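Contents: one structure, followed by commentary.
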Amino acid sequence: MKPKNVLLYVFFVLLLASVLFTGCVQSTREMARESEQGHLVAEPLVWPPSPLPPRIQYITSVSQPVDFGIKPGWFARITRFVGGAEEPHFIKPTGVTSGQGIVYVADPGTQSLWILDQQISTFKQLFIAGNENLVSPVAVTTGKDGRLYLVDSYLAKVFVFNKQGELLSTIGEGSLQRPAGIAFDPSTDRLYVTDSAAHRIVVFSAEGQALHNIGQRGAGKGDFNFPTHITVGGEGNLLVTDSLGFRIQLFASDGKFLKTFGHHGNATGDFAAPKGVATDSEGHIYVVDSLFDTVQIFDNAGQLLLSFGERGVGPGQFWLPNGIFIDSKDRIYIADTYNQRIQVFDYLGRKKQ
């Protein structure tokens, strides 16, 4: 057999092996997912446990695009098979958001922003913003017209992308010290960035013009001690995780202080390392506590209603979780950072009972 024909033969053998191998792997994963889903239907993992009415239900865990049903193309499968590369997966996800069937994950472990489009079953990773490599992308949110706002804490700036992932502009360059969290209010076109090292919230216009600051370092009302995460509640109020103040602070959209709750402690309802904060459609406040490996749910007065999660690697368990996002359908996305995954839950509110 001629050398050229031998190479062609080897190529087709590798191609066939790749397809068969990948098909077996995918079938195994699909059966596992189907088995898991079947288990959830028969015995759903919920909080609180029976006989109390369930309020939170575990849905799934996502460590890589295929877990969202996004399968790589045949060329990518062949390339990875021949090169011995593993499927791309999250390394250290810290921030997550979702909109219009797309899930965005800020992952400083891979130094990238993941864009997982479930509608067209494709994904991409953004490693570069313009001519600059991402270093520590820690938080992400969406704005109007499909815009993405990505915080890089090391580069100390916010990158603005269009929905195709193309860089539009940067925000805060030279004025932010160590940004950690971000939120956008579509009703006011305001962008809020927690500048953790400066102990303040910086308010920008949607175009990136700095408008004013909220807070300063301190322990008083409206002061901060390394704030990290921020979200816009249903009434337009700002909820800020004052991490080393061990509390959640609430502000009006104009920055006026409203109230605060929480304190340092080891009991249920206390805070040890509060991180992500979000609200559901009924106004409940969810706080991720990284050291407790749990999510605590409070009412508007700061009274504990329910907690879920514990240290571990199984469904509904966490290992130093970080960011949280709740969509308009009360689907809960949690960055389970050191388990290298996003866990998805559902709030079973009164309307679902």
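Computed from the coordinates by the stated procedures, all read-outs in this text should not be read as laboratory data. Remember, predicted model here, so these are calculated numbers, not experimental data. When we count neighbours, we look across all protein chains shown, and the Cβ atoms used for this are built from the backbone with ideal geometry, even at glycine.
Below, the figures for the structure above:
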item: Fully extended contour minus Cα-Cα distance, from ASN266 to ASP145, at 0.36 nm per residue; result: 39.2 nm
item: Kirkwood hydrodynamic radius over Cα pairs of segment 238-353, then Stokes diffusion coefficient at 37 °C and 0.692 mPa s, in µm²/s; result: 229 µm²/s
item: Under the Karplus curve 6.51 cos²θ - 1.76 cosθ + 1.60, θ = phi - 60°, whole-Hz ³J(HN,Hα) for segment 97-109, x wherever Gly or Pro sits; result: 8, 8, x, 6, x, 10, 10, 10, 10, 8, 10, x, x
item: Long-range HN-HN contacts of GLN177 with modeled amide H, under 5 Å; result: ALA198
item: Between segment 149-177 and segment 289-340, the Cα center-to-center distance that results, in Å; result: 27 Å
item: Label point distance in nm, ASN133-LEU211, each placed 7 Å from Cα along Cα→Cβ; result: 3.6 nm
item: Residues of segment 87-130 with amide N under 17 Å of a point placed 7 Å along Cα→Cβ from GLU173; result: 128-130
item: DSSP-assigned coil residues among chymotrypsin sites (Phe, Trp or Tyr not before Pro) in segment 147-192, each with at most 14 further Cβ atoms within 10 Å; result: TYR154
item: Amide H contacts under 5 Å for LEU305, placed H, 5+ residues apart; result: ILE297, PHE298, ASP299
item: Kirkwood estimate for segment 152-301, i.e. one over the average of 1/r between Cα atoms, Å; result: 15.6 Å
item: Two-site label geometry, TYR154 and THR188: point separation in nm, points 7 Å out along Cα→Cβ; result: 3.3 nm
item: Taking the C-alpha atoms of segment 221-271, convex hull volume expressed per residue in Å³; result: 74 Å³
item: Extended-chain gain in nm, criterion 0.36 nm per residue less alpha-carbon gap, GLN303 and LEU244; result: 19.2 nm
